[in-house]
Amino acid sequence: MSPATPAAPRDRLRIAIQKSGRLAEPARALLASCGLSWRESRDRLFCYGESLPIDLLLVRDDDIPGLIADGVCDLGVVGRNVLSEQDLAGQTDSNARFRELRALGFGGCRLDIAVPDSWSWTDASQLAGKRIATSYPQLLSKWLAGQGIDAQVVLLSGSVEIAPRLGQADAICDLVSSGATLTANQLKPVLTLLESEAVLAGPAVDFEGMRAELMELLLRRLDGALRIRRSKLLMFQAPRELLPSLLPLLPDAEEPTVMQIDGEERLALQALCHGALTWQRLEDLKRAGARGLMVLPVEGLLA
Ligand code: ATP
Ligand code: ZN
């Protein structure tokens, strides 16, 4: 088995994923749930597709857009943040180089502007004339230009969050998930430039022949796998007369299965929900009269 050859072969599909880091395991698990299996090369950089001619190349996430642009890989699993930044960096005549084929539902984070806790924040115009440290100069510059704000972009490759304390910058523009890193550095998020998650990315141009067929098959399976991941089986009991006020709270549910218990008046319901079943939603249902609420994961789905 050969390691990465310069260009992806025409009768196979090659997907770049992160070798190690936040996106590595979830990306592999998602592709495996689409029925893909691989044989790993000894250097652990290349996984040869066994169940389908779909191979993996394991790389640093920052290299993924470039590998797609160069045709070394056909597709990649990468954060929208990295994809958008590199798309802007390599654009000519504002033509997108990449296409976001699917959002994958993991690796969620935001690209936020954060300022020192001591600032009393009113609006973005406060950034005028300030130095903003970031590893995302393209996204930040584009946003500043769009807002008509003249600020200095300070490019840092790592530890952006300590720049204000070191006097290198007045504010930062960085990835945030829980916000704990910001808090630890006496910063507060004030604006979101980009909502990010892992995406399946490809080139802006269409594939042809076998690669187009493989991509269609992959996308079809991916849609099924993503749908199952989002789906949950919701079970609860309720008096029959409350059904009219409970059902509108389940707009994303398929027609529920309704069973009678305790004679006519009490019902047990099962509903397959395709949206997020948050605590808030469960509490709303309880308030509307649902009892014994239970949420179960779905392992398989065949309509
Ligand atoms: P590599 O060695 O591959 O370059 P890395 O250190 O750049 O790894 P990770 O920290 O694993 O990358 O982050 C990969 C991606 O995970 C980010 O680009 C982003 O899309 C996503 N992500 C989710 N939450 C966060 C977060 N709190 N901080 C940074 N990235 C996050
Ligand atoms: Zn990286």
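The single condition among (1) of a type in the set (Ser, Thr, Tyr); (2) in contact with a Gly (Cβ under 7 Å, 6 or more places away or on another chain); (3) buried (at least 23 other Cβ atoms within 10 Å of the Cβ) that Ser84 does not satisfy is (2). A count restricted to the stretch 58-78 and to residues that are within 15 Å of ligand 2 (Cβ to nearest atom), touching a residue at least 40 places away in the same chain (Cβ under 8 Å) and not small (Gly, Ala, Ser) stands at 10. Looking only at the stretch 171-208, count how many residues are part of a strand (DSSP E or B), among the aliphatic types (A, V, I, L, M) and away from ligand 1 (no atom under 16 Å from the Cβ). Looking only at that region, the number is 3.
Kindly indicate which of Phe106, Phe98 is aromatic (Phe, Trp, Tyr) and closer than 25 Å to Arg12 by Cβ.
Phe98
A search for C-beta distances below 6 Å between a residue of the stretch 19-31 that is under 11 Å from Val77 (Cβ atoms) and any residue that is surrounded by 13 or more Cβ atoms within 10 Å (Cβ to Cβ) and aliphatic (A, V, I, L, M), counting only pairs 6+ apart in sequence or on different chains, returns Leu23/Ala198; Ala27/Ile17; Ala27/Val77. Only residues that are modelled with pLDDT under 95 and assigned to a loop (DSSP other than H, G, I, E, B) were counted across the stretch 72-104, and they come to 7. Scanning the stretch 30-65 for residues being surrounded by fewer than 19 Cβ atoms within 10 Å (Cβ to Cβ) and within 15 Å of ligand 1 (Cβ to nearest atom) gives a total of 4. Sort out which residues of the stretch 17-44 are under 19 Å from Leu67 (Cα atoms), in a helix (DSSP H, G or I) and within 16 Å of ligand 2 (Cβ to nearest atom), and write them in order of number. Those that are under 19 Å from Leu67 (Cα atoms), in a helix (DSSP H, G or I) and within 16 Å of ligand 2 (Cβ to nearest atom): Ala24, Ala27.
The values are calculated or read from the model by the stated rules, or taken from the named source; none is laboratory data. On a predicted model such as this, the values are computed, not experimentally measured, just so you know. Glycine gets a Cβ as well: all are built from the backbone with ideal geometry, and neighbour counts include every protein chain shown.
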